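Only one structure is covered here, and it is reproduced in the block below.
Here, each number is a calculation from the coordinates, and none is a lab measurement. Predicted model, so just to flag it, every value in this text is computed and none were measured. Counting neighbours? That spans all protein chains shown, and the Cβs are built from the backbone with ideal geometry, glycine included.
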Amino acid sequence: MHSSNRYFIINKPYNMVSQFVSTHEVRLLGDLDFDFPEGTHAVGRLDNHSEGLLILTTNKKLTRLLFSSATAHERTYLVQVSNIVSAENLESLRKGVQIKIKTGGIYTTDPCKVTVVEDPGKLYALGERLTAWPPFTWILMTITEGKYHQVRKMIGAIRHRCKRLIRVSIEDLQPGDLEPGGVKEIGEAELFKLLKIA
């Protein structure tokens with residue numbers, strides 16, 4: 001069966017929201033140099049100050065297939081954290097920390113993968129933008145859940161500040177050599193295989 005849905009990946013730049021319309025004076029996805037088809041929307045948004053891999057599609061079911069399925073899908077973030085993160089705090093992140101969620105309650109995050117990254121430029125072209133004075137620590141975090149501002153809140157829970165947040169992959173899907181603001185169309189079969197959607 002041929003799908004008429006279309007799929008795109010972008011390397012979302014800093015200071016752009018993951019939507020096409022807003023009541024605020026902000027940079028929008030429509031400002032990218034690309035003519036998206038009607039009905040295109042972002043899947044698993046990144047906030048204004050976050051960067052990296054973002055999926056856009058005309059398929060209204062993709063968000064549910066990816067983020068509400070019985071199978072948890074891994075998302076990996078490259079995070080610049082203020083100051084030196086201790087081994088104890090890294091272990092706290094791995095085991096799960098308590099964060100406040102939208103409803104006002106306290107939520108304990110699921111166990112996740114956390115490693116310190118010595119050369120973040122190998123994972124993502126960081127550019128020249130200065131985001132933090134040393135000392136800081138780059139870490140790679142892989143989570144399988146997506147609470148509102150979850151990674152930033154997790155970093156806050158260990159009493160550090162998240163200075164830069166870049167999504168570098170969702171399962172096996174990566175932005176590759178896309179420049180910030182770059183767009184690439186991808187076929188459904190290839191996308192679903194990379195995202196491990198049956």
For this session: Please order Y107, Y124 by the number of other Cβ within 10 Å, starting at the fewest.
Result: Y107, Y124
Problem set entry | Sparse-neighbourhood loop sites, chymotrypsin sites (Phe, Trp or Tyr not before Pro) in segment 13-80 - DSSP loop, at most 13 other Cβ within 10 angstrom | none
Problem set entry | Alpha-carbon gyration tensor eigenvalues x 5, square-rooted, for segment 75-170, Å | 22, 14, 13
Exercise. With springs only between Cα atoms under 10 Å, which of D33, D172, D110 fluctuates most in a Gaussian network model of the chain?
Worked result: D33
For this session: Calculate the spin-label point distance for I84 paired with F34, positioning each point 7 Å from the Cα along the beta-carbon direction, and give it in nanometres.
Result: 4.1 nm
Problem set entry | Relative contact order of the chain, pairs being alpha-carbon contacts under 8 Å that are 6 or more residues apart, as % | 31 percent
Exercise. What percent antiparallel are the DSSP beta bridges of the chain, to the nearest 5?
Worked result: 95 percent
Exercise. Taking K and R as +1 and D and E as -1, what net charge do the other residues with C-beta under 12 Å from the C-beta of L62 add up to?
Worked result: +3
Problem set entry | Taking W133, W138 and counting other C-beta atoms within 10 Å, the order from fewest to most | W133, W138
For this session: Over the residues of segment 1-110, compute the C-alpha Rg and express it relative to 2.2 N^0.38 Å.
Result: 1.31
For this session: Determine, for L93, L191, the number of other Cβ atoms within 10 Å of each Cβ, and report the residues in order from fewest to most.
Result: L191, L93
For this session: Before rounding to the nearest 500, sum -39500 (n - 2.57) across all DSSP H runs of length at least 4 in the chain and divide by the residue total; then give [θ] at 222 nm in deg cm²/dmol.
Result: -4000 deg cm²/dmol
Exercise. Simple spin-label model, 7 Å along Cα-to-Cβ: V117 to N5 in nm?
Worked result: 2.8 nm
Exercise. Can you list the residues, at least 5 places off or on another chain, whose amide H is less than 5 Å from the amide H of Y7, using H built in the peptide plane?
Worked result: I186
Exercise. Between the DSSP loop rule and a limit of at most 13 other Cβ atoms within 10 Å, which trypsin sites (Lys or Arg not before Pro) in segment 71-172 are left?
Worked result: K102, R129, R159, R161
